[in-house]
Structures are given as structure tokens and as C-alpha cells.
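Down below is the structure, laid out as C-alpha cells.
What follows draws every value from the coordinates through simple rules; no lab data is involved. Not measured: the values here are computed from a predicted model. Glycine also receives a Cβ, built like all others from the backbone with ideal geometry; neighbour counts cover every protein chain displayed.
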Amino acid sequence: MARPKKPAKTAPSEAPTLPKAPTGIQGLDEITGGGLPRGRPTLLCGSAGSGKTMVAAEFLVHGALQYDEPGVFMMFEESAEELAQNLKSLGVDLDKLQRQGKIAIDHVHIERSEIQETGEYDLEGLFIRLGHAIDSIAAKRVVLDTIEALFSGLPNHAVLRAELRRLFRWLKDRGVTAVITGERGETALTRYGLEEYVADCVILLDHRIVDQVSTRRLRVVKYRGTEHGTNEYPFLIGRDGISVLPITSLRLDHQASSERVSTGIDGLDDMLGGSGLYRGSSTLVSGAPGTGKSSVGASFVDAACRRGERALLFAYEESPSQVLRNMSSIGLDLEPWRRKGLLHIDASRPTLHGLEQHLVHMYDLVRDFKPSVVVVDPISNLTMDKEDRLLKPALMRLIDYLKQQGVTALFTSLTSDMASDVADSQVGVSSLMDTWILLSNVAANGERTRTLQVLKSRGMPHSHQVREFVMSDHGVDLVDVYLSGDRVLTGTARISQVAQEAAAGELRRRDHERRLKELANHRKAIDAQIAALNAQADERAGEVAFAIERERLTAEGVSSRSRSMAQSRDVPPPRPRPRAAPLRKGAK
Amino acid sequence: MSAHKSPSKARAGAAGLAEKALHEEQPEVAEWQLRLYIAGQTAKSMAAFENLKRVCETHLAGRYSIEVVDLLVNPRLAAGDQILAVPTLVRKFPEPIRKIIGDLSNEERVLVGLDVRPRR
């Protein structure tokens with residue numbers, strides 16, 4: 001018989017801080033301040049289907065895998081195969097753990113009909129089996145699930161109770177950290193009053209249906225010698241096992257990035273100070289049906305993939321293929337991203353599970369896929385209506401979680417058509433958001449126009465104008481604000497105004513052209529006139545010069561004649577006269 | 001046999017008890033195959049064995065075999081027959097398996113438990 005070294009002795013119970021055995025269950029260790037009391041039994045009670053076995057099994061498996069504390073699982077209801085199957089769904093290979101000697105499983109099965117009772121007996125057989133299992137793998141942890149089954153198998157309850165009391169004392173003496181599960185009773189915590197024997201730590205699991213949606217809850221009823229969270233905490237059995245969601249455990253200590261990421265809509269980036277949203281911020285896009293919320297979300301996803309980042313899209317209204325088809329109709333081809341593995345679309349009906357269950361599903365996906373961008377379309381579908389009370393803390397946890405992961409998140413939210421309700425229904429969650437974009441339909445002059453405005457955006461300048469939001473076959477964009485006088489024009493009014501102004505501009509342009517041409521013609525005419533006058537002037541000048549020459553020559557002729565006459569008669573030459581006189585005389 | 005009836009737990013005697021049982025009953029192909037699980041030589045164990053022998057000799061003389069299993073010596077065997085209570089008598093054959101827990105002090109109930117028709 002394999003008998004390895006004895007398990008550790010009982011932990012000193014008088015120690016100032018109670019030694020604890022971590023459960024490794026997300027959230028539970030936070031509530032209990034480190035885990036279950038080491039070396040003591042803990043009672044885990046709850047109604048059928050509240051997850052007792054799962055919590056107990058995880059406690060054991062985590063102990064074996066993470067804390068090097070082998071464990072014994074003694075079950076009274078499920079068979080080993082069933083447990084192995086259940087754990088396999090969480091990715092735990094029980095057979096392997098058994099082969100490695102990390103977990104020992106003993107299935108205790110009592111068939112009432114097979115058993116006759118005569119005279120005295122005790123449950124030494126159970127002790128021996130348990131002791132043998134503990135010794136065989138040097139176990140530090142023990143789970144008894146559900147020991148109350150013995151009450152239906154053994155008729156003599158007086159003996160049974162005495163033996164159970166002895167069993168719990170024996171477990172303490174062995175120094176194993178034990179989890180004993182018990183069925184929830186009508187008036188007491190457990191049907192057979194196990195809490196009487198296990199007094200150190202009692203955890204109550206609850207499975208409640210509210211509005212046809214079930215939520216599991218966990219409460220630490222009692223934890224002797226240590227402080228613990230006393231609230232009811234929602235918990236879930238997700239793909240990776242149990243997660244308890246302590247509302248208060250998350251602090252506001254995430255790092256704020258000053259890096260900006262594009263929303264995928266140029267016009268919107270411009271409105272947000274020209275460069276988009278902060279990385280790691282969360283944005284709410286709210287609007288009535290048909291205002292284009294999903295398109296904004298898809299653009300955001302598209303932009304992220306374009307940058308080569310991973311994007312996760314939670315679609316709660318459409319199937320993945322429907323999303324892809326609908327978005328390709330506005331020119332956003334998301335299929336290549338999906339094929340490349342950059343985009344993951346998770347489509348489901350959120351009301352299928354409780355809100356918490358969904359959150360954990362989302363956590364799991366975010367943890368596995370490690371996206372830089374998450375879009376939830378829409379959050380208003382995460383819960384049945386009029387349950388904002390629950391939605392807000394849940395969203396708070398989600399947003400905080402995403403922020404701590406540095407994930408930029410965009411949530412769309414459906415609001416009713418009534419303008420007054422828009423603010424009302426969103427007050428609950430909008431305060432959690434860094435940026436709030438409101439899409440609305442403006443109905444005027446027999447048509448609807450989509451508009452977009454940025455209601456708030458923390459830490460960045462943003463436009464306060466209402467922009468027109470258009471979806472074309474090449475994506476979503478915002479039309480530059482069209483101001484006409486003191487009005488922002490949208491839709492047909494904008495188009496007709498644009499046309500009118502274009503027509504007026506054209507007219508003006510032609511008028512200008514005409515006037516310039518006229519001016520040129522005029523200038524040409526004047527030039528011609530100038531040329532003609534110049535010619536006239538030249539002609540005149542020529543005539544004058546000719547006359548002058550002629551007269552000069554005549555005058556020369558006269559004077560030479562008179563000189564020769566005087567020579568011949570020897571007459572002194574006449575006193576020179578004004579030149580004009582002889583000329584005038586000559587001319588006559 | 002009566003020498004072992006002392007209430008103190010005499011572990012050393014367990015093996016001897018089992019051997020004795022096997023030798024006495026020559027189990028060729030016994031019609032009734034019984035197995036008695038005990039945990040050490042406690043008063044209850046001894047009483048159970050005594051009571052069992054008496055019932056068998058009275059009603060099943062020559063047609064039975066008794067195997068005594070001490071779980072302190074062989075703790076492994078407890079899981080096989082789903083033993084919790086000690087002492088437990090298991091009727092291995094004829095099938096179906098039946099179990100009787102306790103010190104077998106009530107003969108009538110033992111007979112009912114083993115489904116043996118009392119011999120008049």
C-alpha cells in the first residue's frame with residue numbers, strides 16, 4: 001500500500017492572522033480575504049443547481065494545479081465519470097490529474113434498498129476510505145459532496161450525526177482544508193443541520209430567478225476569526241469555471257492613455273478635436289432605431305482592423321453574417337478582417353442568460369482574444385427593459401475591466417424616439433462613459449435626416465455642432481456643417497441650398513466673364529482709335545515738314561537770285577530782314 | 001473465538017480471525033458467499049462475526065463461506081464494495097449483492113437481509 005509522508009499537521013488556530021487556503025476562484029479569494037480557513041472544514045450550502053459541486057471541484061482543482069495542494073474528492077451523488085465530464089467542459093482533465101496523483105476521487109454510493117440494519121455500527125469504513133485517499137496522495141484538501149446523501153442512505157440518524165461530528169473533528173485533526181457541501185434547507189442553512197458541526201466558515205450559494213432570468217449569487221454567511229465581504233455577490237459558471245464578481249473589488253486606478261484612435265469616421269474625428277477618441281476610453285453612442293448606431297460601431301471596428309489591431313464586436317441583434325452583409329452595403333467590408341483573425345463577432349441573444357453570465361462571457365472573450373477595440377451593439381439589449389438598477393453596476397464592472405485592459409470600448413444604446421426620454425434612460429450609464437455621441441433623426445419638410453452630435457467628451461475639445469450623418473456605399477461620413485445665415489441646414493434643405501448657391505455662383509461667374517470680355521473689346525476699340533489718330537498725326541506732320549521744306553527752298557532761291565543781282569550792280573547787300581517777310585512776300 | 005470478545009481493540013488478531021474463517025469453511029463452490037468487513041478487532045466486529053457464524057450454522061450449514069476483511073489492513077478494499085459502515089456483511093453470492101450493516105444481533109433481520117428462509 002502506497003503510504004507517502006503524512007500530511008501537514010493542523011495549522012495553529014490561535015495565530016493572529018488566520019491561515020487561509022486560496023480557492024483560486026476568481027473573486028472568491030477577494031471576498032474572503034485570501035481563501036478558506038486552512039486546515040478547517042468549510043460548509044458550502046445551496047439549493048439544487050446552485051453550483052456547489054462546481055465551486056468545490058474548482059477549489060480542489062486549483063489547489064492541485066496552482067498551489068501544489070493535492071486533494072481528495074469524495075462524492076456521494078455524482079459518479080466519477082460525471083464529475084470528470086463536467087470538469088472536462090471547463091478544460092480540466094480529471095483523469096490526468098488522478099494519474100499524476102494530484103487528485104484522488106472516491107465515489108461513495110449508498111443504495112438504501114440494498115442495506116439492512118441490525119444492531120450497532122459506526123462509519124469507520126468512511127473514515128478509512130477517506131484516510132486512505134488522503135494518505136495515498138498526501139492530500140491537503142478534501143471535498144465531501146454532498147455528505148447529506150448519507151441521511152437518506154442510512155436509517156439511523158442518531159449514529160450518523162454522532163459520526164459526522166466525529167468526522168469533522170477528525171478532518172480538523174488531519175489538518176486538511178475541507179469543503180463540505182450541503183443541500184439548502186427550508187428553515188436552516190442545510191436540510192440536516194450540518195452547520196451545527198461546521199462552524200468555521202459557511203458560504204451560501206443561491207440560484208434566483210428574476211424576470212425569468214437566473215442569476216447565481218454567493219454570500220459568506222460566516223467566517224470565524226476573519227473579516228469578509230458580507231454582500232451577496234453574483235457569480236457565474238462560465239467557460240473557464242466559476243467567477244465571482246465582487247462589485248467593490250475594482251478600483252479606479254487604470255492608466256489613462258493620451259494616445260488617440262480614430263473612430264473610422266473622418267468627420268467625427270474632426271469633431272473630437274481632430275484626432276478621435278482616447279485609447280482605452282469608453283464611448284456611448286445612443287440613438288433611436290435607424291439612426292445608424294451599428295454603422296458607427298462597424299466603422300470603429302473597421303478603423304481598428306485597418307490599423308492592424310484586433311477588434312471584438314458583440315452583436316446582440318444580428319448574426320455575424322447579417323452584420324457582414326449589412327455593413328458591406330455601406331461599403332464597410334469586414335469579412336477580410338474576420339478571415340485574417342483581426343475581427344471577432346460574437347452574436348448571441350443576451351437575454352438567454354442572466355446579465356452576469358453574459359458579462360463573464362464577455363470577460364472571457366476579451367481575455368482570450370485580447371482586442372484593442374470592443375464594440376457592444378447594443379447594451380440596451382443586455383437586460384430586459386426597466387432593469388437599469390442591475391445594468392449599471394454590471395456595466396460599471398465591464399467598463400472598468402475594459403479600461404484596465406486598455407481596451408477602447410464603444411457601446412451603442414437604443415433609445416426610444418421621444419426626445420425627452422433620450423436623456424432620461426441614459427442618465428444611468430452615460431455618467432460612466434467618457435464620450436457620449438447622440439444620433440437622432442430630424443424630421444422636417446417631409447423627410448428624416450440623420451444627425452450626430454457629441455454631447456460630451458472628457459478631456460478633449462469637441463464640436464458642439466449638430467452634423468449631418470450620411471451613409472453612402474462607401475462608408476459613413478459626416479457632411480461638413482452647412483451654415484446658411486444663422487441656420488445649420490441638413491438634408492434636402494442643405495442640398496437645395498447648395499444647388500441654389502451653386503446656380504447663383506454660376507450666374508455670377510458668367511456675368512463676370514461677360515464683363516471682362518466687354519472690357520477687352522472696349523480696350524481693343526480704343527486701341528484702334530489710338531492707331532488711327534496716330535496715323536492722322538503722322539500724316540499731318542509729314543505735310544507740315546514738306547511745306548516747310550518747300551518754303552525754305554523757295555526762300556533760298558529768292559535770296560540767291562537777289563545776291564547775284566547785287567553783285568552784278570555792285571549794290572551793297574540789303575540789311576537782313578526778318579525772315580518771314582521775304583517768305584511772306586515770296587509766298588504771295 | 002470467545003477469547004477475542006474483549007472490548008479493547010486488538011488489531012493483531014484480525015488477520016488470524018480471517019484465516020480461521022477461511023480454513024473452517026472450505027469454500028469449494030459455496031452456495032452462499034459472504035464477506036464481512038470489519039475495522040480492527042472491536043467489540044462490534046467480534047460480535048458481528050459471532051452472530052454471523054451462529055446464523056449461518058443454524059440455517060446454512062455446509063453451504064456457506066465467510067471471508068473477513070479488515071479495512072485497517074486493507075483500506076483499499078472499502079471502495080470496492082462501497083463500505084461505509086462497519087461492520088458490514090455483504091452477500092456476494094447469490095446475486096444480487098445485499099448488505100447488512102450493524103453487529104447482526106437481530107437474527108430475524110439478518111435472515112431477511114440475506115434473504116434466507118429460516119430452517120424450522
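Exposure proxy ranking for A:D269, A:D68, based on other Cβ atoms within 10 angstrom of each Cβ and starting from the fewest, stands as A:D68, A:D269. Is the range B:69-120 best put as rounded, prolate or oblate by its Cα gyration tensor, with a ≥ b ≥ c the root eigenvalues, rounded for a/c under 1.5, and otherwise prolate when a/b is larger than b/c, oblate when not? It is prolate, given that a/c is not under 1.5 and a/b is the larger ratio. Cross-link check: pairs A:K172/B:K44; A:K293/A:K456; A:K20/A:K403; A:K403/A:K456; A:K20/A:K140 evaluated at a Cα-Cα cut-off of 21 Å; pairs beyond the cut-off: A:K172/B:K44; A:K20/A:K403.
Across the range A:49-62, rounded Karplus estimates of 3J(HN,Hα) from the backbone phi angles (6.51 cos²θ - 1.76 cosθ + 1.60, θ = phi - 60°) give x, 8, x, 4, 4, 5, 4, 4, 5, 5, 4, 6, 5, 5 Hz, Gly and Pro being marked x. The packing ranking, built from the mean of other Cβ atoms within 10 Å per residue, places the peptides B:83-96, A:179-192 in the order B:83-96, A:179-192, highest first. The alpha carbon gyration tensor of the range B:24-85 gives principal lengths a ≥ b ≥ c with a/c of 1.5 or higher and a/b no greater than b/c, which makes the shape oblate. Here's how it looks for A:G238: its modeled amide H is under 5 Å from those of A:S243, which are all 5 or more places away or on a different chain. What the phi angles of the range A:399-410 give under the Karplus curve with 6.51, -1.76 and 1.60, with θ = phi - 60°, is a coupling list of 5, 4, 4, 5, 5, 5, 7, x, 8, 7, 10, 10 Hz, glycine and proline written as x. Based on DSSP H segments of at least four residues, each scored -39500 (n - 2.57), chain A has a per-residue ellipticity at 222 nm of -13000 deg cm²/dmol. Per-residue shielding of B:100-113, expressed as the average number of other chain Cβ atoms within 10 Å of the residue Cβ, stands at 5. The alpha carbon gyration tensor of the range A:260-480 gives principal lengths a ≥ b ≥ c with a/c below 1.5, which makes the shape rounded.
Karplus-based coupling profile of the range A:299-310, in residue order and whole Hz: 4, 5, 5, 4, 5, 4, 5, 4, 7, x, 9, 8, with θ = phi - 60° in 6.51 cos²θ - 1.76 cosθ + 1.60 and x standing for Gly or Pro.
Taking the number of Cβ atoms within 10 Å of each Cβ as an exposure proxy, the fewest-first ranking of A:R219, A:R450, A:R563 is A:R563, A:R219, A:R450. About the centre of its Cα atoms, the range A:115-207 shows a dipole size close to 340 debye [charges on the beta carbon of Lys, Arg (+1) and Asp, Glu (-1) only; nearest 20 debye].
Residues whose amide H lies under 5 Å from that of A:E117, counting only those 5 or more places away or on a different chain, are B:I101; hydrogens are built 1.01 Å from N in the peptide plane.
The aspartates and glutamates whose alpha-carbon is closer than 17 Å to the alpha-carbon of A:K517, local same-chain residues fewer than 8 away aside, are A:E506, A:D527.
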